[in-house]
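Note sheet for the following structure.
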Amino acid sequence: MKRMLTKICLAWIVVFAVPLVFAEFDVFEFANDEERVRFQALVAELRCPKCQNQNLADSNSQIAIDLRNEVYRMLKEQKSDEEIKDFLVDRYGDFVLYRPPVQSNTLVLWWAPAVMLGLGVLVFAFIVVQRSRVANKASKAAKGGSES
């Protein structure tokens with residue numbers, strides 16, 4: 001029984017450990033800490049075009065890997081953060097930015113939450129007023145009915 005349990009454990013280790021040996025890891029070498037911090041900030045701020053809600057740092061899709069390599073290459077070419085962002089926006093549109101600029105085509109993104117909150121407050125106020133009116137009518141009816 002003990003020998004069988006050992007074999008099963010070894011089989012599980014082989015099944016789950018072998019893929020880690022073949023896993024692909026991005027290894028970037030930076031000249032200094034400032035460059036590393038800039039890279040990490042950029043890939044955290046830029047969205048993966050394939051993955052809806054993941055940034056380049058968190059995504060493992062092939063396009064995210066390619067874009068991380070592209071950002072790294074541009075950093076090595078001494079491009080500014082704005083030049084890197086502009087390059088990616090030219091290729092993929094404002095979608096790659098987690099904080100898109102306020103433009104006529106992105107106004108809905110910026111104002112929709114405030115409008116929805118305002119509508120929610122109005123609906124809530126309307127319901128409260130309606131219920132208080134119904135409660136007042138009911139209390140007046142109850143008072144009028146008990147006095148007779």
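No lab work stands behind these numbers, since they all come straight from the coordinates. It should be emphasised that the depicted structure is a prediction, and the values quoted were computed from it without experimental measurement. No Cβ is skipped: glycine too gets one built from the backbone with ideal geometry, and neighbour counts run over all protein chains shown.
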Using DSSP loop states and a limit of at most 11 other Cβ atoms within 10 Å to flag chymotrypsin sites (Phe, Trp or Tyr not before Pro), what is the longest stretch of the chain containing no flagged site?
26-97
Among Ile65, Ile13, Ile127, which one shows the biggest mean-square fluctuation in a GNM of the chain, springs joining Cα atoms closer than 10 Å?
Ile13
Assertion target for Cys48, Cys9, ordered by fewest C-beta neighbours within 10 angstrom first, is Cys9, Cys48
Amide proton proximity set for Leu46, modelled H, under 5 Å, gap of 5+
Leu56
Relative to a virtual label point 7 Å from the Cα of Asp58 in the Cα→beta-carbon direction, which members of the range 99-113 show backbone nitrogen distances below 17 Å?
99-100
Hey, of [x] 1.13; [y] 1.99; [z] 1.01, which did the structure itself give for Cα Rg over 2.2 N^0.38 Å when calculated?
[y]
Structure-based [θ]222 nm, the chain - -39500 (n - 2.57) summed over DSSP H runs of at least 4, per residue, nearest 500
-23500 deg cm²/dmol
Give the lysines reachable from Lys76 as a straight Cα distance under 30 Å; neighbours fewer than 8 places away on the same chain don't count.
Lys50, Lys85
Proximal lysines relative to Lys137, as straight alpha-carbon distance under 25 Å, when same-chain residues fewer than 8 apart are discounted:
none
